[in-house]
Amino acid sequence: MKNRFNRLTSKEWLPFQKSWFRYTGDENLFRQNLRFFTHAEATGQPVFFYGRQEENLRRIAAEEQLEIITSTRTAATEIQFALLDLRDEVAALTAAGQWNSYKQNILSLIADLKPKIEQRRFLCILLPQLYLAGTFLPVAWDLAETVSGIFSLKDEKIAGLPGPGKHPDGKSFHFTTDQQIFYVLYFRKDENSGARPIPTGNDFFKQNQQQQDKTGFGKPIPSWFILKPPPRRKNEILHPAKYPEDLTTMYIEQFTRPGENVFDPMSGTGSTQVAALKAGRNGYGTELSSFFAEIAGQRCRDVVQPENFPEKAPAGDYRILQKDARQILAGDFPPLHYIITSPPYWDMLNMKGAEYQATRKSKGLQLNYSEDDRDLGNITEYQAFIDQLKSVYFHLADLLQPGRYMTIVVKNIKKKGRNYPFAWDLGRLLQEKLILLPEAFWCQDDISIAPYGYGNTWVSNTFHQYCLTFQKPY
Ligand SMILES: C[S@@+](CC[C@H](N)C(=O)[O-])C[C@H]1O[C@@H](n2cnc3c(N)ncnc32)[C@H](O)[C@@H]1O
């Protein structure tokens with residue numbers, strides 16, 4: 001197929017589609033983006049740049065036969081690509097108020113740029129999140145949401161820097177990740193741009209969200225990590241979306257002491273409880289599907305069998321009730337010290353392509369979680385789905401011990417060409433009741449990349465999952 005979008009071969013195109021990457025320096029970062037987002041035909045195409053590394057960019061652009069423009073006033077009208085590198089400026093902000101005024105400046109720059117960018121070409125913004133004196137400010141989400149009132153938000157990539165990084169406060173008593181990531185946000189000028197109003201105000205951190213007192217019992221969580229889960233066993237493969245036990249183990253060890261109670265309201269195959277038991281904690285939970293609740297219970301029974309652990313079998317308590325997570329009663333379980341869970345990703349399993357459905361069907365595997373109306377994965381309207389999920393988590397927050405933590409593994413969703421920032425929406429909504437802490441990314445490295453949009457436009461393969469952690473205030 002002819003490539004009408006850029007100058008790359010399909011071999012070069014594919015690796016760019018992975019939604020996270022190992023950051024190997026600005027040289028590669030700039031060059032890859034310039035090459036990906038500009039046409040092949042003409043030389044000297046205009047590219048807009050804002051950022052501290054103008055010289056660097058001019059040199060790379062000259063090598064790629066592109067022309068760099070840095071002022072919107074003198075800009076030609078057919079800008080092919082705009083790159084805004086805000087990393088240094090954002091990192092230098094020291095108060096939430098500074099962010100709000102900075103954001104306004106960036107927004108007016110972007111509004112000026114809009115008429116000058118060619119239709120269906122891209123704007124890319126690089127920035128980190130902010131963590132100021134124990135308060136996490138998800139400024140990348142905030143900017144993405146605001147700019148999507150001007151351009152269409154198409155994608156985000158996560159750049160993973162070599163870790164471990166330093167604690168940004170120079171203190172070690174707050175739970176935090178090592179902050180070794182930044183966001184690469186992509187927007188497109190297209191027929192949908194500007195269709196929705198520009199959000200005013202700032203919903204992402206409107207309250208005083210400072211983390212309360214010290215916690216964190218184990219090693220700090222890295223801000224991005226790759227896990228190599230062992231092949232799934234027969235009863236685990238039956239479930240369409242399981243997370244690896246290594247992930248749960250890392251979080252359980254960070255947020256609980258041995259002997260404490262770990263909970264998952266949507267247990268699936270029981271990964272949370274199995275990891276909790278193996279780590280010397282107790283594992284509790286609910287699961288709507290009787291089929292999966294049974295598998296989860298069986299896996300827990302297997303874990304505490306002495307013959308499976310010749311040295312010392314886990315001696316923890318466990319209980320998984322087949323139940324709707326919205327119906328959990330205070331008396332159903334002992335006090336909860338930590339919750340780790342992953343919800344259905346809206347109704348995406350019901351949306352999977354015919355090929356996926358046929359393959360799983362031929363192997364006798366479940367296509368979705370259940371046909372049950374109470375299954376949140378069967379709600380088709382996004383807002384209704386989010387509202388229901390929020391009510392599950394608010395209910396659970398009431399059952400969690402004060403000062404304790406909840407981690408939700410989730411990802412942003414692309415459906416029929418539209419973006420639904422599911423992870424960001426949860427991060428924002430749950431702040432009505434809980435304190436949001438820095439996110440970490442489970443970066444998947446074991447899925448093959450699909451050439452979506454090849455030759456026409458850019459669509460990434462979403463291989464990063466958010467691990468959102470919240471603290472319950474005292
Ligand atoms: C992403 S999966 C969880 C996978 C699990 N973490 C694992 O590793 O196996 C989401 C689960 O939520 C369950 N679920 C959906 N709606 C529910 C509800 N209302 N109450 C309880 N569980 C529900 C589904 O049956 C499904 O097993």
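What does the net charge come to around P15 if you take all other residues with beta carbon closer than 14 Å to its beta carbon, with K and R at +1 and D and E at -1?
+4
With respect to the cross-link table entries K323/K433; K2/K154; K103/K433; K2/K363; K228/K414, which display a Cα-Cα separation exceeding 30 Å?
Violating the 30 Å Cα-Cα cut-off are K2/K363.
What's the long-distance tail for the chain, i.e. % of Cα pairs beyond 36 Å?
The share of Cα pairs beyond 36 Å in the chain comes to 32 percent.
Work out the length of the dipole vector of the chain about its Cα centre, built from +1 on the beta-carbon of each Lys and Arg and -1 on the beta-carbon of each Asp and Glu, and round it to the nearest 20 debye.
Computed about the Cα centre, the dipole is about 560 debye.
Taking the Cα-to-Cβ direction at D246 and at Q298 and moving 7 Å from each Cα, how far apart do the two end points lie in nm?
2.6 nm
Assuming R0 = 51 Å, what is the FRET efficiency of F291 and R31, from their Cβ-Cβ distance, to the nearest 0.05?
Working: r = 50 Å, r/R0 = 0.98.
Step by step, r from the Cβ atoms, then E = 0.50.
Sorted from fewest to most neighbouring beta carbons within 10 Å, what does the list E253, E245, E54 look like?
Ordered from fewest to most neighbouring Cβ atoms within 10 Å, E253, E245, E54 come out as E54, E253, E245.
Taking only the alpha-carbon positions of region 224-471 and ignoring solvent, what does the Debye formula give for the base-10 log of I(q)/I(0) at q = 0.07, 0.12 Å⁻¹?
-0.23, -0.69
Once the Cα gyration tensor of region 10-188 is found, what semi-axes does its equivalent ellipsoid get, as square roots of 5 times the eigenvalues, in whole Å, sorted largest first?
Gyration-tensor ellipsoid for region 10-188: 29, 19, 14 Å.
Could you go through region 409-416 in sequence order and give the Karplus-derived ³J(HN,Hα) for each residue, using 6.51 cos²θ - 1.76 cosθ + 1.60 with θ = phi - 60°, rounded to whole Hz, and x for Gly and Pro?
9, 7, 9, 6, 10, 10, 9, 6
Once the dipole of region 224-471 is set up with Lys and Arg at +1 and Asp and Glu at -1 on Cβ about the Cα centre, which of Y420, G403, S271 lies farthest towards its positive end?
Value: Y420.
Between 0 and 90 degrees, rounded to the nearest ten: what's the tilt of helix 290-303 against the longest Cα principal axis of the chain?
Approximately 70 degrees, to the nearest ten.
Using only helices, what value at 222 nm comes out for the chain when you add -39,500 (n - 2.57) per DSSP H run of length 4 or more and divide by the total residues, to the nearest 500 deg cm²/dmol?
-8500 deg cm²/dmol
With only alpha-carbon pairs counted, each pair once and no self-pairs, how large is the Kirkwood hydrodynamic radius of region 325-474 in angstroms? Provide the component values of the computation, followed by the final result.
Values: mean 1/r = 0.0579 Å⁻¹.
Final number for the Kirkwood radius of region 325-474 is 17.3 Å.
Within a Cβ distance under 13 Å of Y454, other residues only, what is the Lys/Arg minus Asp/Glu net charge?
So the environment of Y454 carries a net charge of +2.
If each residue's Cβ is checked for other Cβ atoms within 10 Å, how do M351, M406, M1 rank with the fewest at the top?
Lowest count first: M1, M351, M406.
Quick one: if the Förster radius is 45 Å, what FRET efficiency do Q401 and L107 give, using the C-beta to C-beta distance and rounding to 0.05?
Efficiency computed from Cβ-Cβ geometry: 0.65.
If the chain between D203 and K2 were fully stretched, how many nm would it gain, using 0.36 nm times the residue separation less the Cα-Cα distance?
68.0 nm
Over what distance in Å are the Cα centres of region 220-282 and region 390-438 separated?
Answer, in whole Å: 18.
Can you figure out the FRET efficiency of R418 with R58, using R₀ = 35 Å and their beta-carbon distance, to the nearest 0.05?
E(calc), rounded to 0.05, equals 0.45.
Could you go through region 268-281 in sequence order and give the Karplus-derived ³J(HN,Hα) for each residue, using 6.51 cos²θ - 1.76 cosθ + 1.60 with θ = phi - 60°, rounded to whole Hz, and x for Gly and Pro?
x, 8, x, 4, 5, 5, 4, 5, 4, 4, 5, 8, x, 10
Going by alpha carbons, how many degrees (0 to 90, nearest 10) lie between the helix axis of 96-113 and the longest principal axis of the chain?
Roughly 50 degrees between the two axes.
Counting DSSP beta bridges in the chain, what percent are antiparallel, to the nearest 5?
Of the beta bridges lying entirely in the chain, close to 45 percent run antiparallel.
Give the residue from F205, P162, F394 lying farthest towards the positive end of the charge dipole for the chain; charges sit on Cβ (+1 for Lys and Arg, -1 for Asp and Glu) and the dipole is referred to the Cα centre.
P162
Measuring from label point to label point, each 7 Å out along Cα→Cβ, what is the S391 to K312 span in nm?
Output for this residue pair reads 4.5 nm.
For the chain, find the longest principal axis of its Cα atoms and tell me its angle to the long axis of helix 54-63, 0 to 90°, nearest 10.
Orientation of helix 54-63: about 80 degrees from the principal axis.
If you plug each phi of region 442-447 into the Karplus form 6.51 cos²θ - 1.76 cosθ + 1.60 with θ = phi - 60°, what whole-Hz ³J(HN,Hα) values come out, in order, with x for Gly and Pro?
So the Karplus estimates, Gly and Pro as x, are 8, 9, 8, 10, 10, 10 Hz.
How much of the calculated P(r) for region 1-67 lies past 18 Å, in percent of all Cα pairs?
Tail of P(r) above 18 Å: 39 percent of Cα pairs.
Which of L336, L127, A450 sits closest to the plus end of the dipole of the chain, meaning its Cα is farthest towards the positive end, when Lys and Arg get +1 and Asp and Glu get -1 on the C-beta?
Looking along the dipole axis, the top candidate is A450.
Only four residue types carry charge here, +1 at the Cβ of Lys and Arg and -1 at the Cβ of Asp and Glu. Report the dipole size of region 10-188 about the Cα centre in Debye, rounded to the nearest 20.
With only Lys, Arg, Asp and Glu charged at Cβ, the dipole is about 240 debye.
Tell me, what is a quarter of the convex hull surface for the C-alpha atoms of region 230-318, in nm² with one decimal?
The Cα convex hull of region 230-318, projected and averaged over all directions, gives 5.5 nm².
Sum up the charges of everything whose Cβ sits under 11 Å from the Cβ of F292, counting Lys and Arg as +1 and Asp and Glu as -1, but leave F292 out.
In short, -2.
Computed from the coordinates by the stated procedures, all read-outs in this text should not be read as laboratory data. None of these values were measured; they are calculated from a predicted model. Note that we place each Cβ from the backbone using ideal geometry, even for glycine, and neighbour counts take in every protein chain shown.
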